[in-house]
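Working notes, beginning with the structure itself.
Throughout, read-outs are computed from the coordinates displayed, never taken from laboratory work. It should be emphasised that the depicted structure is a prediction, and the values quoted were computed from it without experimental measurement. Every residue, glycine as well, gets a Cβ built from its backbone with ideal geometry; the counts of neighbours run over all protein chains shown.
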């Protein structure tokens with residue numbers, strides 16, 4: 001027990017504790033009753049996630065009376081339960097809950113290991129929640145490492161073909177390279193500042209030092225790997241293709257949330273405007289990443305990789321919001337972080353939606369190449385409709401939530417003197433639009449082998465959840481204000 | 001709170017959702033789907049027409065238009081700008097809404113000629129109508145961009161799935177150009193919300209604090225975006241491809257509504273939001289109009305494909321509208337709106353007639369046709385009415401528009417107006433030449449069994465003829481309504 005254990009610490013760690021406790025329970029149940037049905041483990045995991053959400057609700061209740069937006073600070077400020085951390089925790093829980101409910105097809109192939117599978121999901125979610133709350137370099141790195149291990153293990157656990165294991169290994173290598181870069185960067189920063197406190201970075205670091213530049217570059221590039229954007233984004237395509245869709249929904253969406261949260265904590269909250277190196281590095285990375293993902297999306301021949309590229313493009317666009325903090329061109333507050341957090345939410349939900357539909361297609365025996373889904377509209381109108389909405393949301397097709405998210409991000413970047421980056425983003429949006437529209441046309445225009453199929457093989461819960469996640473792409477257009485309000489509250493405490 | 005405009009915009013989508021759950025296994029079920037589609041388009045049409053008439057009466061009694069047809073809800077506000085679900089129908093919007101809802105009604109009737117994948121066709125047309133009506137009614141830049149983007153997927157699929165040979169390429173052209181147009185509109189919106197200082201994306205907000213650079217860039221971005229949609233020379237190629245390769249029903253929607261939206265956007269955004277550069281660069285706009293008018297009319301003469309010929313006619317017609325936009329006088333702009341209505345109906349009718357001819361003759365080549373008037377006199381009659389409207393024969397929809405555009409443009413740009421006017425002579429010659437080649441001359445043996453219009457053809461063509469005549473005969477009643485809407489544009493241009 002830590003020496004400064006208190007009620008505050010209990011409350012701050014309650015969301016993570018709920019998840020870790022349930023993960024332990026899930027593993028124990030699996031050990032005691034090895035033959036238990038996978039869906040029992042799934043429901044146990046769901047209870048844990050709902051419990052974590054409830055714990056977040058408790059913290060939120062306390063937060064209502066705190067004008068600063070910082071509910072609990074423990075471990076000398078290293079772990080902060082503020083509105084940003086709460087936003088990330090709630091988003092992670094909701095995304096994990098949705099992903100859990102569509103994992104049926106993935107777990108069906110490994111009934112004996114379903115306890116471990118859901119245990120890993122819970123631990124990974126706890127790691128993401130922790131990343132959102134970390135303001136301390138060492139624990140941030142540890143959380144990132146735990147997340148990577150869990151996500152790689154998840155991919156390896158549910159492998160249905162030899163490529164699954166290989167792609168998980170490649171994910172591990174790429175993730176490790178990214179983490180090594182982050183670690184080396186953090187170590188350099190520690191060497192310069194003699195502190196592992198992210199919040200104190202700006203005060204200590206001389207802004208023009210070469211070592212600082214190297215450190216910041218390594219950290220940003222490493223975390224871009226977690227976010228799933230260039231240069232360390234090959235894993236997204238591999239996981240999307242080789243891991244069953246139910247599991248890849250969780251792996252990719254969680255990694256994007258974690259990468260986004262960590263980047264926000266390190267750059268906006270840590271380095272801030274004082275250390276300006278990241279503010280010229282991130283735009284370059286963003287421009288290359290957006291363009292690379294958008295061009296790649298145009299070339300894809302498989303549905304899963306196309307979705308992966310669109311997720312990557314959408315994640316890269318989030319970097320625009322990250323840059324647009326502080327004051328805008330007219331002296332008013334720039335709302336880039338609101339755009340960033342709402343975009344993060346939309347991306348996560350849309351990712352689950354897209355892979356959820358893909359999971360249903362996999363269960364129905366539909367292949368993964370775009371040729372396999374040619375004329376899908378003839379064969380299963382609901383499947384085609386859901387896939388259309390999911391891919392269109394990720395591709396930024398108007399008027400869906402992905403489009404609205406892009407409008408917010410682009411306008412916030414234009415407001416903070418990143419007009420050229422906004423132009424790149426607009427150009428990339430055209431490319432992703434064309435990729436998405438071309439794919440949608442394939443679903444409807446050309447008849448395939450005309451053998452109708454239904455989504456009946458997928459359990460009703462998974463179908464409902466995947467459908468609801470797709471509908472969220474439409475609903476969030478109307479309900480963007482509540483999401484923006486929450487995102488604005490979440491962004492408020494970042495600096 | 002009035003929900004008239006929401007009804008006009010969303011009714012087609014609601015009916016599309018109903019159609020989504022209907023089966024289409026046999027002819028009866030397919031007919032039911034079409035009926036639902038017709039009901040959706042019809043609902044929008046009747047509400048629009050009813051309130052357009054009421055609007056006209058209100059205007060006659062001294063009432064304003066904009067206040068009567070306005071809905072405003074704040075969409076989101078926790079951001080650097082506020083966005084609104086803001087729908088407005090003023091004097092420009094109302095007549096154009098009548099035009100587009102009529103054309104969609106006609107297109108829905110035309111769906112009885114579609115026998116494959118009827119449900120998808122009906123849903124896409126209704127979705128497209130929602131987008132078109134939304135663009136016309138939006139009074140918020142973000143909402144406008146969202147509806148503008150919504151045009152992309154349904155129109156792309158409609159061209160690609162139900163088009164003939166080469167439809168895939170035509171759809172790709174459309175998608176590429178429309179995506180570019182959307183991107184330019186997004187960039188324009190970003191400039192407006194960031195630079196205008198209104199902290200709102202409301203089109204009615206005070207946007208007077210632009211820097212010269214922002215205003216110039218914003219103007220050209222929006223101008224190019226809408227020029228693409230208008231199919232103005234030199235960004236007209238997508239329309240020629242789509243017009244010639246899409247099915248007749250889809251091409252009707254394309255030439256009757258999509259081009260109209262481009263011109264509407266140019267008037268509503270390029271002129272109103274950026275009046276200074278619009279005035280400064282009016283010579284460039286006029287220059288494009290002159291080149292486009294001749295490019296379109298002379299290009300039409302060189303065509304052998306019937307629908308490509310109509311496509312070039314559209315380019316020439318849109319150049320007349322561009323002339324009015326360049327002139328920026330009240331009379332010219334009122335004429336431009338009337339011309340858009342006339343062009344919409346006329347072009348839609350020409351496209352439908354050409355589709356009917358192609359169905360009967362199994363050819364698209366003008367030179368391969370001839371003597372059809374013997375077998376299909378009514379079809380020839382419809383072509384002549386449409387051609388007369390496009391040319392600007394008195395008492396038809398095109399006449400008042402043509403006259404007002406020239407009357408309004410001449411004092412500002414005399415030489416350009418005379419040049420554009422002279423292009424009408426070429427257009428007239430082209431239309432008469434085609435009529436002569438297709439309908440008159442010796443009867444060809446292979447067309448001996450060609451039949452005249454069917455009941456379905458009459459159902460789709462008669463409403464358009466009625467509209468062309470009504471807009472021509474009752475132009476005096478429509479002009480004050482349009483003038484009411486144009487007043488806002490001219491006030492902004494003159495700095496009032």
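Peptide B:119-128 has a mean shielding of 1, counted as Cβ atoms of other protein chains within 10 Å of each residue's Cβ. What FRET efficiency, computed as 1/(1 + (r/R0)^6) with R0 = 56 Å and r the Cβ-Cβ distance, is obtained for residue B:216 and residue B:474, rounded to the nearest 0.05? For residue B:216 and residue B:474, the calculated efficiency is 0.85. Put simply, the stretch A:357-495 fits an ellipsoid with semi-axes of 33, 19, 10 Å; these come from the alpha carbon gyration tensor as the roots of five times its eigenvalues, largest first. Centre-to-centre, using Cα atoms only, the stretch B:320-386 and the stretch A:54-96 are separated by 65 Å. The mean sequence distance of close C-alpha pairs (under 8 Å, at least 6 residues apart), as a share of the length of chain B, puts its relative contact order at 16 percent. Remark: mean inter-chain Cβ contacts per residue of B:189-197 equal 5, using a 10 Å Cβ-Cβ cutoff to other protein chain atoms. A crude spin-label estimate for the pair residue A:76 and residue B:436, with each label 7 Å from Cα along the Cβ direction, gives 9.7 nm. Taking the average, over residues, of other Cβ atoms within 10 Å as the packing measure, peptides A:373-384, B:240-251, B:467-478, B:125-136 rank B:125-136, B:240-251, A:373-384, B:467-478 from highest down. Equivalent ellipsoid of the stretch A:27-67: semi-axes from √(5λ) of the C-alpha gyration tensor, largest first, are 34, 9, 4 Å.
Over the residues of the protein assembly as shown, the helix contribution to mean residue ellipticity at 222 nm works out to -24500 deg cm²/dmol, using -39500 (n - 2.57) for each DSSP H run of at least 4. Each of residue A:274 and residue B:50 was given a label point 7 Å from its Cα along the Cα-to-Cβ line. The distance between the two points is 6.6 nm. All alpha carbon pair distances within chain A were sorted into 20 Å bins beginning at 0; the resulting P(r) in whole percents reads 26, 59, 15, 0. The stretch B:235-296 and the stretch B:149-188 have Cα centres separated by 15 Å. Applying 1/(1 + (r/R0)^6) with R0 = 45 Å to the Cβ-Cβ distance of residue A:369 and residue B:414 gives a FRET efficiency near 0.10.
The length gained on full extension between residue B:374 and residue B:237, counted as 0.36 nm times the residue separation minus their Cα-Cα distance, comes to 45.8 nm. Reducing the stretch A:142-207 and the stretch A:459-479 to their Cα centroids gives an inter-centroid distance of 32 Å.
Averaged over peptide B:157-168, the number of partner chain Cβ atoms lying within 10 Å of each residue's Cβ comes to 2. Among A:134, A:170, a tally of other beta-carbon atoms within 10 Å of each Cβ gives an order, fewest to most, of A:170, A:134.
The C-alpha atoms of chain B define a longest principal axis, and helix B:475-493 lies at about 40 degrees to it.
Each of B:178, B:279 was scored by other Cβ atoms within 10 Å of its Cβ. Listed from fewest to most, they are B:279, B:178.
Projecting label points 7 angstrom from Cα along Cα→Cβ for residue B:209 and residue A:284 puts them 3.5 nm apart. For a paramagnetic label modelled on residue B:458 (point 7 Å from Cα along Cα→Cβ), amide N atoms under 19 Å away belong, within the stretch B:371-398, to B:373-386.
Computed from the alpha carbon positions, the gyration tensor of the stretch B:407-489 leads to an equivalent ellipsoid with semi-axes of 37, 23, 8 Å, biggest first. Classified by the C-alpha gyration tensor, the stretch A:248-360 has a prolate form. Its axis ratio a/c, with a ≥ b ≥ c, is 1.5 or above, and a/b is larger than b/c.
Residue order for A:197, B:445, fewest other beta carbons within 10 angstrom first, comes to B:445, A:197.
Using a cutoff of 8 angstrom between alpha carbon atoms and counting only pairs six or more residues apart, the relative contact order for the stretch A:339-495 works out to 40 percent. When Rg and the Kirkwood radius Rh are both evaluated on Cα atoms of the protein assembly as shown, their ratio Rg/Rh stands at 1.02. With contacts taken as Cα pairs under 8 Å and at least 6 residues apart, the stretch B:228-386 reaches a relative contact order of 27 percent.
Hey, what angle do you get for helix B:455-473 against the long axis of chain B, alpha-carbon based, 0 to 90 degrees rounded to 10? So the helix axis and the longest Cα principal axis differ by about 50 degrees.
Compared with the dominant Cα axis of chain B, that is its longest principal axis, helix B:212-230 is turned about 20°. Both radii were evaluated on the Cα set of the stretch B:274-413; the Rg over Rh quotient, with Rh as the Kirkwood radius, amounts to 1.05.
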